[in-house]
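Derivation of every value follows stated rules applied to the coordinates shown; laboratory data play no part. What you see is a predicted model; the values in this text were computed from it and never measured. Here Cβ is always computed from backbone atoms with ideal geometry, including for glycine, and neighbour counts include all displayed protein chains.
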Amino acid sequence: MALNFNLHYSENFEEDLREIYTHITYNLQNPFAASEQVNRITLAAESLRVFPKMHRVRGKDRFGDELRIYPVDNYNILYSIDEINISRVLYGRRNIDALP
């Protein structure tokens, strides 16, 4: 029997998705690829309902919970497990330590 966790998306995560979509659509001039990328990230995030501990621990979040990373193409979904709290999705080469 699969255990399904609840997912909570932060405002930062939703804003990150909008920025990814906008960047690929306008800067790379490929709206189809933008939609496909956002869909892959969203589907990957949804998969965390069933297998939240499948990805490596990156450290601790600001509440002291384990912060995990789920790589999806060139992006990393950052999340913690309490209920599944998805905090960000960032370009894979972005300096995570420099985030506010």
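Under the 0.36 nm per residue contour assumption, what length would be gained going from the current alpha-carbon distance of Met54 and Asp82 to full extension? Please list the in-between numbers first.
Details: separation 28, 0.36 × 28 = 10.08 nm, distance 1.45 nm.
Working it through step by step, the gained length comes to 8.6 nm.
Can you give the FRET efficiency to the nearest 0.05 for Asn27 and Ile96, using r as the Cβ-Cβ distance and R₀ = 25 Å?
Values: r = 22 Å, r/R0 = 0.88.
In this case the efficiency is close to 0.70.
How much length, in nm to one decimal, is gained on full extension between Thr42 and Glu15, taken as 0.36 nm per residue of separation minus their Cα-Cα distance?
Gain on stretching Thr42 to Glu15: 8.4 nm.
For the chain, what is the calculated [θ] at 222 nm in deg cm²/dmol (nearest 500), taking -39500 (n - 2.57) for each run of four or more DSSP H residues and dividing by its residue count?
-9500 deg cm²/dmol
What number comes out for the charge environment of Leu90, summing +1 per Lys or Arg and -1 per Asp or Glu over other residues with Cβ under 13 Å away?
In short, -1.
So how tilted is helix 11-22 from the main axis of the chain? Cα-based, degrees 0 to 90, rounded to 10.
Helix 11-22 sits roughly 30 degrees off the main axis of the chain.
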